[in-house]
Amino acid sequence: MQYSFFDFLSLIGSLGLFLYGMKIMSEALQKVAGNKLRTILSAMTSNRFLGIFTGFMVTAIIQSSSATTVMVVSFVNAGLITLKESIGVIMGANIGTTVTGWIITLFGFKVKISAYSLPLIGLGLPFIFSKSGTRRSYGELLIGFALLFMGLEYLKGSVPNIQGNPEVLSFLHQYTDHGIWTTLLFLIIGTLLTIVVQSSSATLALTFVMCNEGWIEFSQAAAMILGENIGTTITANLAAAIGNISAKRAARAHLIFNLLGVIWMLIVFNQFTGLIDSFMTRNGGASPNDSPAAIPTALSIFHSAFNIINVLIFVWFTPLIQKAVEYLVPYKDNETDEEFRLKYITTGMLSTSELSLLQAKKEIQFYAKHTTKMFGFVRKMMNEDRDKKFNKQFSKVQKYEGISDNVEVEITNYLAQISQYKLSEIGRKRLRSMLKMAGDLESVADSNFNLARTVNRMREKNIKFKNSALDKLELMFNLVEEALSVMRENLQQDEMAVSLAKARLLERQINNYRNQLKSEHLENLANKVYSYEAGIIFNDLFSECEKLADYVINVSEAVEEVGI
């Protein structure tokens, strides 16, 4: 056999070099554009056309529709955008991915850019050793771009010459004369290849090379591209598997949109490819059905035209697509109640460290919400007479405290991951601030648990306080609850605009009231207003409240530090 196992490994290696180049280039582009992606993200409004433009821009910048759709799934999971908004972004990402086809066509087949690959690596190498993170990213961008086209050139050389391998040609011809079945077969091949390689760009490059070498005809290559459109949705659906219900719906919307597009295209497939052929010949180009060299350009036109028309058709049906995915992925009974759990960082790191920080901030806001709820459970315990309901509230505090420990570890690990990547100066400040917040919020949860245990001890020992003592505790609890509320408000605000005047006033009031209660407590013990055992519990309650308030002000101060 003329095509050996060594040649097969060379083909896989060439594809690997292409993929590696694409990965380095994409990651470098994301680092360079990281700070700007927040601004681009702000365009994701309820206006679906702005969403489409955003999806197109982000995909064109980072050169990966999979990265964009995974990002969108993460944003929906994080509550940054709604399901309806995500559908527009996904549509735009489909148009953005066609830019990759044009880059491969123009630079990989029209211009032999691979001849400049080594000089480009030479140009990029000094930047790699720069102390500046931005310059390093530009160096990675140049090297990734060079490796991508080196991989493409090797790929072209690794595909067997069709003239020297007539058995390959005869094997392929067995499957090329069956009309719609041939189209479906190559569509399935395109889908499977994209699922295996996890990159529609790599499958696209392989399709272009196979056409250029005369392996397959234009119509079969076009069918493979349709398959790639389905295969690329699998990545987003895998990312959504561990996300919340909204993330699953966003991923399913991507699948439905692409499937519907492929269905209508299959109905008019022959007429559409015929139109591309006519367009090429009328504009002075060679027919893709006669010249293999013309196929990459024809495929790029097919890919772009199909995705643009598909968006123009289905953009008007966005509400229907939304209803369809809501029906296909319904809420389960146990998902309607919001549980204390990791909510925003479950899908892992986003494509840029700056956006991952935004995800972490949402998680900390969610964490603060539930540590505040814990204090609410403690207050209910104080006022509960029935054992069953009291034990239920105490169990909730115990459960939340255990979860809180795990959430703090997960947030800290997530922030540690982010710290390994390039961050702007403000990004580094945010990261340090969030590490402090996570630790202090866990301490708030610990204080809540200590309060609950003290209340439980009070109940077990059947200690009752007079109304005057209960009123004093009630006032302390009201101050702490207000402090927790102000802390949550500060967490929701922009760090540059946050003011701690109210938070500091409450902190002073709580400290002063604690001092007042402490001196009164010593007098009460001396005057035997309550027993020594009851006095210990009374002291433990107001002292723990003051300690909890210290952690609360620490969180607000950590927010303010970013803006200094």
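The values are calculated or read from the model by the stated rules, or taken from the named source; none is laboratory data. The structure displayed is predicted, hence computed values, not measured ones. In this analysis, Cβ positions are derived from the backbone assuming ideal geometry, glycine residues included, and neighbour counts consider all displayed protein chains. Areas reflect the complete protein model, heavy atoms only, side chains present, ligands, DNA and RNA absent. Shrake-Rupley method; radii C 1.70, N 1.55, O 1.52, S 1.80 Å.
Summary table
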quantity: Volume per residue that the Cα convex hull of the range 414-564 spans, once the total is divided by residue count, Å³; calculated: 108 Å³
quantity: Segment Lys429-Ser485, extension gain: residue separation times 0.36 nm, minus the distance between their alpha carbons; calculated: 17.8 nm
quantity: Vicinal HN-Hα couplings computed from phi for the range 217-233 (Karplus, 6.51 cos²θ - 1.76 cosθ + 1.60; Hz; Gly/Pro x); calculated: 8, 4, 5, 5, 5, 4, 5, 5, 5, 4, x, 5, 5, 7, x, 5, 6
quantity: Length gained when the stretch Ile263-Lys323 is fully extended (0.36 nm per residue, less Cα-Cα span); calculated: 19.6 nm
quantity: Tyr138, Tyr414, reordered so the largest accessible area comes first (probe 1.4 Å); calculated: Tyr138, Tyr414
quantity: Per-residue ³J(HN,Hα) for the range 450-467, Karplus 6.51 cos²θ - 1.76 cosθ + 1.60, θ = phi - 60°, Hz, x for Gly and Pro; calculated: 4, 4, 4, 5, 5, 5, 5, 5, 4, 6, 4, 8, 6, 8, 10, 9, 5, 4
quantity: Overall form of the range 353-422 per C-alpha gyration tensor (a/c, 1.5; a/b vs b/c); calculated: prolate
quantity: Efficiency of FRET between Asp385 and Asn406 - r from beta-carbon atoms, R0 51 angstrom, step 0.05; calculated: 0.95
quantity: With DNA, RNA and ligands ignored, accessible area of Glu408 (1.4 Å probe; Å², nearest 10); calculated: 50 Å²
quantity: Total formal charge among the other residues, if their Cβ is under 13 angstrom from that of Ser531, Lys/Arg +1 and Asp/Glu -1; calculated: +3
quantity: Across Lys461/Lys528; Lys388/Lys464; Lys392/Lys528; Lys369/Lys502; Lys84/Lys369, pairs whose alpha-carbon gap is larger than 23 Å; calculated: Lys392/Lys528; Lys84/Lys369
quantity: Computed E for Leu106/Leu473 - FRET, C-beta separation, R0 56 angstrom, nearest 0.05; calculated: 0.15
quantity: Equivalent ellipsoid semi-axes - Cα gyration tensor, the range 458-543, angstrom; calculated: 33, 14, 9
quantity: Met25, Met496, reordered so the largest accessible area comes first (probe 1.4 Å); calculated: Met496, Met25
quantity: Accessible carbon and sulfur surface of the range 343-501 relative to its total accessible area, %, 1.4 Å; calculated: 46 percent
quantity: Per-residue SASA entry for Ser158, accessible area with 1.4 Å probe, Å² rounded to 10; calculated: 20 Å²
quantity: Net charge over other residues, Cβ less than 14 angstrom from the Cβ of Lys436 (K, R count +1; D, E count -1); calculated: -3
quantity: Förster radius 22 Å - calculated FRET efficiency between Ile128 and Tyr20, Cβ distance, rounded to 0.05; calculated: 0.90
quantity: Cα-projected label distance for Ser531 with Lys461, points at 7 Å along beta-carbon direction, nm; calculated: 0.8 nm
quantity: Selection from Ala452, Ala438, Asn406 lying farthest towards where the dipole of the range 391-468 points positive, charges on Cβ; calculated: Ala452
quantity: For the range 379-392, 3J(HN,Hα) per residue [Karplus equation, 6.51 cos²θ - 1.76 cosθ + 1.60, θ = phi - 60°, Hz, x = Gly/Pro]; calculated: 4, 5, 4, 4, 9, 9, 9, 7, 4, 4, 6, 4, 4, 5
quantity: By accessible area with a 1.4 Å probe, ligands and nucleic acids excluded, highest first: order of Tyr327, Tyr532; calculated: Tyr327, Tyr532
quantity: Where trypsin sites (Lys or Arg not before Pro) fall in DSSP loop in the range 360-434, at most 10 other Cβ within 10 Å; calculated: Arg386
